[in-house]
Amino acid sequence: MDHFRLIDGELHAEDVPLSRIADEVGTPVYVYSRATFERHARVFRDALSGLDRPPHLAFAVKANPNLAVLRLLANEGYGADVVSGGELARALAAGMAAHDIVFSGVGKTAAELAQGLDAGIGQFNIESGEEGRELAAIAAARGVVARCALRVNPDVDAGTHDKISTGKADNKFGVPISHAPALFAELSQLPGLDLRGLAVHIGSQLSDLDPLEQAFGKLGAMLRELRGAGHTITHMDLGGGLGVPYRSGEVLPTPHAYGAMVARVTRGWDVTVMFEPGRVIAGNAGVLLTRVIRVKRGLNHPFVIVDAAMNDLARPALYGAWHDFDAVRPSGERMTGNIVGPICETGDTFATDRQTDALVAGDLAVFRTAGAYGATMASSYNSRGFVAEVMVDGADYAVVAERILPAAIADAERVPDFLTRR
Ligand SMILES: *Cc1c(COP(=O)(O)O)cnc(C)c1O
């Protein structure tokens, strides 16, 4: 459920008409709903109320790293799952407690490991023996101990898009689960490491709970094996991945169904279970608001050329992803069109032969479900600026990311002397 709805024929974010934001901030612009974010954060937490112990919730920052979003989630009691030093700095800047932060990622540099240690973060999810040894050495040299979990690759097919699948044996993430016992034994001996658990994350936009249940089942078996070998396990991190509906009418497993499955599988584990939800919290809490530049006649269907492009919302170009596309003031008439951006790439196509509200030049429209993996993937390709972001709160809104203009980006560039000397 979200708080984007028609009031008197115009799409609103909570109580703010989208035309007001377009007039005052310009387009394209991401519009987030505070109430929707909070609702999703609470629904996800409530869904896990059947676990043996209260869970640790760490929002996957890469889904939406905006500082206002992180602050909102910190207020909801969420920590952060970060995958870079930049994300770690953001989570801290937004007010998240260091001990609530988990550091994931296959390529943490020595500097990033040190940054996490100096901040005193809650847990490193180690993705290889090599990384574990390096972290141990850096921690020992500082005279501190790194709390960590070993991320295993359970070799299950998440059944999602190849580019967002992370738990198959040939994906780069985690250590093969067959290597886990020996590696755990080795790393747990290292001074500098407090290896306290296991972690798994098999992919994103999962539309089926079975692969998750399989992965968690394998993790549970490994937990018993490690305990049998005398290891102390206090934390188990089950990652993120729960999908959200991108098409109206699409049915996905609910957080409630996910929570019930997790409660069943983890019963008796006697650990703190950790979660790293991203998309399920942020996805439907945002839309990308855009204006139609012009409608161009095509051979078959017209091209609806909007002022948002693949640099603002990359998912359709990157994964062939679907976003519902609706007029802000639907007239009731419909059309079939190709929804495209202005960028000089055929990949800058949001939808082909799409049934949509009838639109003409100057009309406003939204791409829905753009709150996750939207603004965060933006680029300045074609020397377009970085898209602005707004958060709505009831009848008010605030700009939570200024538009970065092309001139500001060019300001960081230099023409070296050797090119201007004659
Ligand atoms: C991307 C990612 C997540 C979040 O995935 P969602 O599908 O957005 O829930 C969680 N954990 C890790 C390690 C990730 O890389």
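The values are calculated or read from the model by the stated rules, or taken from the named source; none is laboratory data. Given the structure is predicted, the values throughout are model-derived calculations rather than measurements. All Cβ positions, even for glycine, are placed from backbone atoms using ideal geometry, and neighbour counts span all protein chains on display.
Output the residues belonging to segment 88-107 that are within 16 Å of the ligand (Cβ to nearest atom) and either in contact (Cβ under 8 Å) with a residue 24 or more places away in the chain or among the aliphatic types (A, V, I, L, M) (or both).
Restricting attention to segment 88-107, the residues satisfying the condition of being within 16 Å of the ligand (Cβ to nearest atom) are 88, 90-91, 96, 100-107.
Selection gives Leu88, Arg90, Ala91, Met96, Asp100, Ile101, Val102, Ser104, Val106.
Among the residues of segment 1-49, how many are over 20 Å from Val400 (Cα atoms), in contact with a strand residue (DSSP E or B) (Cβ under 8 Å, 6 or more places away or on another chain) and not β-branched (Val, Ile, Thr)?
7
Which of the strands (runs of 3 or more DSSP E) contained wholly in segment 201-312 include at least 2 residues that are within 28 Å of Ala35 (Cβ to Cβ) and more than 20 Å from the chain's Cα centre (by Cα)? Write out each step before concluding.
On the way: elements: 235-237, 272-275, 286-296, 303-306.
Strands (runs of 3 or more DSSP E) meeting the threshold: 286-296.
Answer yes or no as to whether Asp170 is assigned by TED's automatic domain parsing to the domain that holds Thr109, part of a loop (DSSP other than H, G, I, E, B) and of a type in the set (Asp, Glu).
Values: assigned by TED's automatic domain parsing to the domain that holds Thr109: yes; part of a loop (DSSP other than H, G, I, E, B): yes; of a type in the set (Asp, Glu): yes.
In short, yes.
For (1) of a type in the set (Lys, Arg); (2) in the same structural domain as Ala309 (by TED's automatic domain parsing), each residue gets a yes or a no:
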| site | (1), (2) |
| --- | --- |
| Ile21 | no, yes |
| Arg39 | yes, no |
| His56 | no, no |
| Val82 | no, no |
| Gly85 | no, no |
| Met96 | no, no |
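List the strands (runs of 3 or more DSSP E) that sit entirely inside segment 348-422 and contain at least 1 residues that are on the phi > 0 side of the Ramachandran plot.
The strands (runs of 3 or more DSSP E) meeting that bar are 349-357.
Here are Leu359, Leu364: which of them is within 16 Å of Val287 (Cα to Cα) and either acidic (Asp, Glu) or assigned by TED's automatic domain parsing to the domain that holds Gly26 (or both)?
On inspection, the qualifying residue turns out to be Leu364.
Yes or no: Arg297 more than 27 Å from Gly203 (Cβ to Cβ), more than 16 Å from the ligand (Cβ to nearest atom) and without any contact (Cβ under 8 Å) to a residue 40 or more places away in the chain? First the steps, then the outcome.
On the way: more than 27 Å from Gly203 (Cβ to Cβ): yes; more than 16 Å from the ligand (Cβ to nearest atom): yes; without any contact (Cβ under 8 Å) to a residue 40 or more places away in the chain: yes.
It is true that Arg297 is more than 27 Å from Gly203 (Cβ to Cβ), more than 16 Å from the ligand (Cβ to nearest atom) and without any contact (Cβ under 8 Å) to a residue 40 or more places away in the chain.
Yes/no per residue for (1) within 16 Å of the ligand (Cβ to nearest atom); (2) within 30 Å of Glu250 (Cα to Cα):
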{"site": "Asp194", "(1), (2)": "no, no"}
{"site": "Ser204", "(1), (2)": "yes, yes"}
{"site": "Leu209", "(1), (2)": "yes, yes"}
{"site": "Lys218", "(1), (2)": "no, yes"}
{"site": "Ala221", "(1), (2)": "no, no"}
{"site": "Gly228", "(1), (2)": "no, no"}
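Just give me the residues in segment 129-151 being surrounded by 19 or more Cβ atoms within 10 Å (Cβ to Cβ), more than 14 Å from Gly197 (Cα to Cα) and touching a strand residue (DSSP E or B) at 6+ places or on another chain (Cβ under 7 Å), in sequence order.
Across segment 129-151, the qualifying residues are Leu135, Ala136, Ala139.
Looking at segment 128-140, can you tell me whether even one residue there is touching a residue at least 12 places away in the same chain (Cβ under 8 Å) and not in a helix (DSSP H, G or I)?
Checked against the condition, which is being touching a residue at least 12 places away in the same chain (Cβ under 8 Å) and not in a helix (DSSP H, G or I), segment 128-140 yields at least one hit.
Somewhere in segment 123-138, is a residue of a type in the set (A, V, I, L, M, F, W, C), in contact with a Gly (Cβ under 7 Å, 6 or more places away or on another chain) and within 16 Å of the ligand (Cβ to nearest atom)?
Yes.
Residue-by-condition table, conditions (1) surrounded by 13 or more Cβ atoms within 10 Å (Cβ to Cβ); (2) among the small types (Gly, Ala, Ser):
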position: Ala74; (1), (2): yes, yes
position: Ala80; (1), (2): yes, yes
position: Glu87; (1), (2): yes, no
position: Ala91; (1), (2): yes, yes
position: Val102; (1), (2): yes, no
position: Gly107; (1), (2): no, yes
position: Ala111; (1), (2): no, yes
position: Gln115; (1), (2): yes, no
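Looking at Gly259 and the list (1) more than 10 Å from the ligand (Cβ to nearest atom); (2) over 14 Å from Leu212 (Cα atoms), which single condition is not satisfied?
Here Gly259 meets the rest and fails (2).
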